[in-house]
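The values are calculated or read from the model by the stated rules, or taken from the named source; none is laboratory data. This structure is a prediction, so every number in the text was calculated from the model and none was measured. Here the Cβ positions follow ideal geometry from the backbone for every residue, glycine too, while neighbour counts run over all protein chains shown. Ligands, DNA and RNA are excluded from the accessible area calculation, which covers all protein heavy atoms including side chains. Shrake-Rupley method; radii C 1.70, N 1.55, O 1.52, S 1.80 Å.
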Amino acid sequence: MNNFFDRVTQARLKRVTGLLLFLFISAHLLAQVTYREPLKINDNWKFQKGDFPKAASPDFDDSKWRILDLPHDWSVEGPLSQCLASCTGYLPGGIAWYRKVLDIPLNQKDKKIYVYFEGIYRNGEVFINGVSLGMRPNGYISCEYDLTPYLKFGGKNILAVRVDHSKSADSRWYTGSGIYRDVYLIEKNPVHLDLWGVYYTTKALSDKKSAVHVQTTVKNTTDHPAALTIVQELLDKERKSKAKISGKLMVPSGKDGTANQDLTVNQPNLWSVDAPYLYQLTTSVYKDGKLIDQSVENVGIRTLGFDADKGFSLNGKSMKVKGVCLHHDAGCLGSAVPKEVLERRLITLKSIGCNAIRGSHNPQSPDLYDLCDKLGMLVLDEGFDEWEFPKKKWIEGWNVGTPGFDGPAEFFEKWGETDLRDLVLRDRNHPSVFMWSIGNEVDYPNDPYTHPILDKEGIGQQHTHGYLKDHPNAERLGTIAKRLAAVVRKQDTSRPVTAALAGPVMSNETDYPGALDVVGYNYTENRYAKDHATYPKRIFYGSENGYSMDAWKAVRDNDYIFGQFLWTGIDYLGESHRWPSRGFTSGLLGLEASNSADMGDYTDNKQRVFQGKMIAYLQSTGKKGTAKVTFTSPWLKEQVVELEIE
């Protein structure tokens, strides 16, 4: 086996062989699911690791299974093993089943009943009463299934989920395993708002007036046309109506119908990182004068501006994006992260000067977007870390030994566009989301894409070899990027499409950067000035950066670079070094650990720039009196501190 494709296949086969030897419903939940009364069904599930061919059957005996509440991540429960992969923190994957009894009242037999999963990692196949409803391989994507045709109304029903994470080394970082986000049961009228069917955009009409455009999609599952009235009402924080509009919509039988309506808001309170004002949009659907469905959306009225010379502006005001990259785990809690933990982390990050989050490198928990809306933090919403070909997954330690090649590339061609579409549909109503990223470092030179430019010396390009003819050609990047960008723009044109480039020198030889609205550069600050001159219409920023002062100065001193995202905001599991390392220690905030060399905390030096503070260590001379210390820096405001020494 001499070429790249054969080596990937061989490595995948080797990995498989090795593996064998709080009840709370908030406005954001209503918005995410777009349903009137979602019922969280996290409690009292049966769970068992292992594969059981008949576990979907209602008659299967699960009496000896463990009883638990969701969300649940079985990987973080261990056991840790040196025989497992470093990329996912030496923690196990495997196969497991979940089962839950659903009692659906007889009086709901004329309703539509759905189940909604915020996230199952991964290959989550859902069954009701032994019937498979479908499977989504992407563990970060939220999805819905119609239970109605297979339910026993007035009787006991068995909801079962098979989770297959047997290819546990399928990511460069820790993923977790299981139903690790919330699950909802939804009762609907046969004519109802579609999933993620309410979509709004805002624009400024003048200094004192804004417009809110609302697009509403209604699904008619009946055999008759539905004549509907759609009412939109915008309420302020005091629950006072600021705008209201009503319109008619005719939806054919068995079809979807869409209404477009415009609200005008006088003297609007704008959403910003300093004052994240949120309105509430209530969408009501009436049929024959009767309310049959309703949703509530948080609305932030704001405008985004991107300019190749002036950078980024929010509500017409230029600002620097001081962001951090975040993986989705929370240390010993794994991937099943309580909202309270996530909120505390975001508040801490904002307190040290951070104003943006990059979801690295996958769709995040719905809680994160809701909290960023509320706290005033921008979000770069990211879809993929790899496309049609896999990246290296390190097994014996970060950048050590022979890598594996399992990962989401195996289902990209079939599911990639659907996954990206659903990401945009789910998250497009969050004012915090200001860019859509279609990929992270998919252009990393020779991992896997390559190009003859890599044979050119003196280009300062990150790569371990020159041009590798047996690897996929980088020209594919432009073709795929155009396709993915079109998927995003079909669902939302109010935000730009971006991606994080690891190899801009190589990518500049392709159509990849040109397919993007905004181009992110990872660790390539030395190319900012040159590429700004070469591509004067290109809008770009630091999509992933280290903590060097030069990296920050490149942002601070150049209007055309509108920000950076530090790697990382918080230490994370996975991407570990050699055993017994547990994770990566590059965070502004550290994870607690008994071994500081394993998961260390280096917060002082890293926090200085974003926090806007300087740190000094004083040593006493033994003399009493007043000590005056003057703090000066080219990037921070001068401060004078006086200390009385006794």
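Is it the case that PHE411 is modelled with pLDDT of 95 or more and in a loop (DSSP other than H, G, I, E, B)? Judged against the criteria, PHE411 is not a match.
Does at least one position in segment 527-547 carry a residue that is open to solvent by 30 Å² or more (accessible area, probe 1.4 Å), assigned to a loop (DSSP other than H, G, I, E, B), closer than 17 Å to GLY353 by Cβ and of a type in the set (Ser, Thr, Tyr)? Yes: segment 527-547 contains one or more residues that are open to solvent by 30 Å² or more (accessible area, probe 1.4 Å), assigned to a loop (DSSP other than H, G, I, E, B), closer than 17 Å to GLY353 by Cβ and of a type in the set (Ser, Thr, Tyr).
For every residue, the table says whether it meets (1) open to solvent by less than 20 Å² (accessible area, probe 1.4 Å); (2) part of a strand (DSSP E or B).
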residue	(1), (2)
GLU297	yes, yes
ASP309	no, no
ARG344	no, no
CYS354	yes, no
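Within the set PHE584, PHE610, PHE562, the sole residue that is within 30 Å of the chain's Cα centre (by Cα), buried (at least 17 other Cβ atoms within 10 Å of the Cβ), at pLDDT below 85 and among the hydrophobic types (A, V, I, L, M, F, W, C) turns out to be PHE610.
Residue by residue, here is whether (1) of a type outside the set (S, T, N, Q); (2) under 26 Å from GLY331 (Cβ atoms) holds:
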{"site": "SER57", "(1), (2)": "no, no"}
{"site": "ASP73", "(1), (2)": "yes, yes"}
{"site": "VAL76", "(1), (2)": "yes, yes"}
{"site": "ALA85", "(1), (2)": "yes, yes"}
{"site": "VAL126", "(1), (2)": "yes, no"}
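Scanning segment 131-154 for residues that are within 20 Å of LYS46 (Cα to Cα), open to solvent by 10 Å² or more (accessible area, probe 1.4 Å) and of a type in the set (A, V, I, L, M, F, W, C) yields VAL131, LEU133, MET135, LEU151. Scanning segment 152-197 for residues that are under 30 Å from LYS393 (Cα atoms) and among the basic types (Lys, Arg) yields a count of 4. Put simply, of GLY254, GLY334, GLY305, GLY247 the only residue that is modelled with pLDDT of 95 or more, out of contact with any helix residue (DSSP H, G or I) (no Cβ under 8 Å at 6 or more places or on another chain) and at positive phi is GLY254. None of THR464, THR510, THR498 is touching a Gly at 6+ places or on another chain (Cβ under 9 Å) and either assigned to a loop (DSSP other than H, G, I, E, B) or open to solvent by 60 Å² or more (accessible area, probe 1.4 Å) (or both) except THR510. Can you tell me which residue in segment 247-275 is most open to solvent (accessible area, probe 1.4 Å), limited to those that are of a type in the set (D, E, K, R) and in a loop (DSSP other than H, G, I, E, B)? Checked segment 247-275; the qualifying residue most open to solvent (accessible area, probe 1.4 Å) is ASP274. Could you please give the count of residues in segment 116-130 that are out of contact with any helix residue (DSSP H, G or I) (no Cβ under 8 Å at 6 or more places or on another chain) and crowded, with 22+ Cβ neighbours inside 10 Å? The number of residues fulfilling the criteria is 7. I need the full set of residues from segment 389-408 which are open to solvent by less than 10 Å² (accessible area, probe 1.4 Å) and not in a loop (DSSP other than H, G, I, E, B), in order please. Scanning segment 389-408 gives LYS393, GLY404. Do we find that LEU278 is open to solvent by 20 Å² or more (accessible area, probe 1.4 Å) and at pLDDT below 95 in this structure? So LEU278 does not fit the description; no.
Tallying residues that are under 22 Å from the mean Cα position of the chain (by Cα) and among the β-branched types (Val, Ile, Thr) within segment 115-158 yields 3. Residue pairs whose Cβ atoms lie under 6 Å apart, sitting 6 or more positions apart in sequence or on different chains, and linking a residue in segment 467-487 that is farther than 13 Å from GLU417 by Cβ and modelled with pLDDT of 95 or more to a partner that is open to solvent by less than 60 Å² (accessible area, probe 1.4 Å) and among the charged types (D, E, K, R), are LEU477/ASP443.
Only a single item in (1) in a loop (DSSP other than H, G, I, E, B); (2) of a type in the set (A, V, I, L, M); (3) in contact with a Gly (Cβ under 6 Å, 6 or more places away or on another chain) is not met by VAL337, and it is number (3). Just wondering, is there one or more residues in segment 358-380 that are at pLDDT below 95, crowded, with 18+ Cβ neighbours inside 10 Å, farther than 24 Å from LEU278 by Cα and not basic (Lys, Arg)? Looking through segment 358-380, none of the residues is at pLDDT below 95, crowded, with 18+ Cβ neighbours inside 10 Å, farther than 24 Å from LEU278 by Cα and not basic (Lys, Arg).
Every condition in (1) open to solvent by 10 Å² or more (accessible area, probe 1.4 Å); (2) part of a strand (DSSP E or B) is met by ASN157 except one, and the failing one is (1).
Counting the residues of segment 28-80 that are at pLDDT 95 or above, at positive phi and among the hydroxyl-bearing types (Ser, Thr, Tyr) gives 0.
Of the listed requirements (1) modelled with pLDDT of 95 or more; (2) more than 28 Å from LEU80 (Cα to Cα); (3) outside any strand (DSSP E or B), ASP329 misses just one: (2).
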